[in-house]
Amino acid sequence: MNTLAEENYIKAIFHLSDAGQQEVPTNAIAEKLDTTPASVTDMLKKLSHKGLVNYKKYQGVNISATGKTLALKIIRKHRLWETFLVEKLNFTWDEVHDVAEQLEHVQSSLLVERLDRFLGYPETDPHGEPIPTAEGKIMARLKIVLADFEPNQTGKVVAVEDSNPSFLQYLDKIGIAIGASIRIVDIIDFDKSMQISVDNNPKVSVSEQVTNNIYCVLES
């Protein structure tokens, strides 16, 4: 049985390593989990002993195959709970992350299976992120960050990178949600901000920070 803290580390390492594609420095983990490098080092030794990570002092860490399997199970639970909270309990998409962070540590696999069936086997969560299957498979989808679009191109919003409540509330304010259609009206050379039209509404200006956190598929 893994502790809540160990599961949080495994999930963080999974994301920071891009699902095991690259080594992760200790400081990056400390920053993401708001803790000290010394505490991270202690935890990495424990996780390495359990075979959940591949860790060598001064060389960073990567998630092991066993750790990746565990991370995908945690992420699956998190995204299913977010979907349940939005679809069945009328939470908004900016309210669910912290609650799902608590619920993702429930250990009952039977509960997760029945939750998935109850929801109709959803493929994505309220933020557009793919929900891993019970077998640990995750749907690959071609998506483009909005910042890479050109003037007059139009994209359909399929996901957001940042689940910070203040960011999601800002998107609500300007009418951006999963499924929204965004047309690039203009790109400002000075700061790479964009003027966009959302669902054919009057144009609004958004910063490069915003456009780097919105994913779309190109519409013809």
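The values are calculated or read from the model by the stated rules, or taken from the named source; none is laboratory data. From a predicted model like this one, the values you see are computed outputs, not experimental measurements. Here the Cβ is made from the backbone with ideal geometry for all residues, glycine too, and neighbour counts use every protein chain on show. Keep in mind that these areas ignore ligands, DNA and RNA; they rest on the heavy atoms of the full protein, side chains included. Shrake-Rupley method; radii C 1.70, N 1.55, O 1.52, S 1.80 Å.
Of all residues in region 107-126, exactly one satisfies the criterion of being closer than 19 Å to Phe14 by Cβ, at pLDDT 95 or above and part of a loop (DSSP other than H, G, I, E, B), namely Asp125.
On the stretch given as region 180-220, residues that are assigned to a strand (DSSP E or B) and open to solvent by less than 50 Å² (accessible area, probe 1.4 Å) total 16.
Residues satisfying the criterion are present in region 66-78 (criterion: surrounded by fewer than 17 Cβ atoms within 10 Å (Cβ to Cβ), free of Cβ contacts under 8 Å to residues at least 24 places away in the same chain and over 30 Å from Asp172 (Cα atoms)). When we screen Ala147, Ala134 for residues that are in contact with a Ser or Thr (Cβ under 8 Å, 6 or more places away or on another chain) and either over 30 Å from Val198 (Cα atoms) or in a helix (DSSP H, G or I) (or both), the only hit is Ala147. With respect to (1) open to solvent by 20 Å² or more (accessible area, probe 1.4 Å); (2) out of contact with any helix residue (DSSP H, G or I) (no Cβ under 8 Å at 6 or more places or on another chain), the lone exception for Ser17 is condition (1). Of the residues making up region 149-173, not one is modelled with pLDDT of 95 or more, open to solvent by 70 Å² or more (accessible area, probe 1.4 Å) and within 20 Å of Asp18 (Cα to Cα). Selection of region 40-63 for residues being out of contact with any strand residue (DSSP E or B) (no Cβ under 6 Å at 6 or more places or on another chain), in a helix (DSSP H, G or I) and either open to solvent by 60 Å² or more (accessible area, probe 1.4 Å) or within 16 Å of Glu7 (Cβ to Cβ) (or both) yields Val40, Asp42, Met43, Lys45, Lys46, His49.
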